[in-house]
Amino acid sequence: MKVRDLNAAHGWYWVRDAFKLFAKSPALWIALVVVLLIVWLVSAIVPIVGQLVVGVLYPVFVAGLMAGARKVEKDGELELADLFTAFRENVKPLATVGLIGLVLSLLVGGLMLLMGYKEPPMPAAGQSPDVAALMEYLNGIALPMLVGLLLLVPVQMALWFAPPLLMFNKSMSVIDAIKWSFYACIANVIPFLIYGLVLTGLFMLLPFTLFLGMIVLIPVMLLTIYTSYQAIFDEGGSTQAINPPENV
């Protein structure tokens, strides 16, 4: 296993290639995302506990989507059952990744609360928003929001590639998957910045589609996990790739 150090243009290539994968089975990709949405809505029936369970299982679902993406890439036929592939093959380490991500996110959220983060003030029914109160609120949460962002970015970097790494490398440990994911993101920070700008631009176009474009953009965003993984990770050990340092 090696990590490629890619140039900035690949941030766009990941999105382009995700659209290509989506175009091969658009109806089924949308259906898979709808199933995920239904799972999330059902989990909301049991407050807190249901959402925590879904948070832990999220990488398991993502790993299933990654398996489906690889199948489609190799001209296979996508199936709804692909979403649950990881539940049959590698559920324990993937759920462990979900648990780690959930705990870290809760810790960051708790720190933000301690620093003064609170919910925005809501105007009473029939009243206009109080601009002065809103500005005071924004000034009060600026620091906790900044700190939360600075802490959550490395958490996401450590978890971004963990599902495909564990799905396609069954012998890899959870800790190694987290290490590889973090290193891969660090080594390709510029492409990831371009990737973020491209997605931001696509989101800005959504109002022009009456937000119907979300039914395409959500599965494409999930597919970019796979396309970025394929571009960055060299599972065959290409001589053009670079090794992470021993202590990563």
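Worth pointing out:
- When Rg and the Kirkwood Rh are both derived from Cα coordinates, the Rg/Rh ratio for region 1-108 amounts to 1.02.
- Taking all protein chains as shown and a probe of 1.4 angstrom, Ser181 keeps an accessible surface of around 0 Å².
- Pair Phe84, Ile190: separation of 7 Å Cα→Cβ label points (nm): 4.6
- Fraction of accessible area attributable to carbon and sulfur, the chain (%, probe 1.4 Å): 71
- Here the contact order of the chain, divided by its residue count and restricted to Cα pairs under 8 Å and six or more residues apart, works out to 39 percent.
- Rg of the Cα atoms in region 128-241, relative to 2.2 N^0.38 Å, amounts to 1.39.
- Links that overshoot a 24 Å alpha carbon limit, given the list Lys2/Lys71; Lys2/Lys179; Lys20/Lys170; Lys74/Lys179: Lys20/Lys170; Lys74/Lys179
- Rounded FRET efficiency, nearest 0.05, which uses the C-beta distance separating Ala8 from Ile175 and R0 of 30 Å: 0.50
- In this structure the chain gives 55 Å² per residue of accessible area when probed at 1.4 Å with all protein chains present.
- Dividing the mean sequence gap of close Cα pairs (under 8 Å, 6+ apart) by how many residues region 9-151 holds gives a relative contact order of 20 percent.
- Each Lys and Arg adds +1 at its Cβ and each Asp and Glu adds -1 at its Cβ; summed about the Cα centre, the chain shows a dipole of about 260 debye.
- Top positive-direction residue, dipole computed over region 95-235 with Cβ charges, set Leu102, Gly148, Phe203: Leu102
- Kyte-Doolittle mean at least 1.0 and Cα axial length at least 30 Å: DSSP H helices in the chain: 49-73, 91-114, 131-160
- Selected from Met112, Ser173, Ala187, residue furthest toward positive end of dipole (the chain; charges at beta carbon): Ser173
- Set against the 2.2 N^0.38 Å expectation for a compact globular protein, the chain has a Cα radius of gyration ratio of 1.10.
- Of Met112, Met204, the residue with the largest accessible area leads and the full order is Met204, Met112 (1.4 Å probe).
The values are calculated or read from the model by the stated rules, or taken from the named source; none is laboratory data. The structure displayed is predicted, hence computed values, not measured ones. Cβ coordinates were reconstructed from backbone atoms using ideal geometry, including for glycine residues, and neighbour counts include every protein chain displayed. Only protein heavy atoms, including side chains, enter the accessible area calculation; ligands, DNA and RNA are left aside. Shrake-Rupley method; radii C 1.70, N 1.55, O 1.52, S 1.80 Å.
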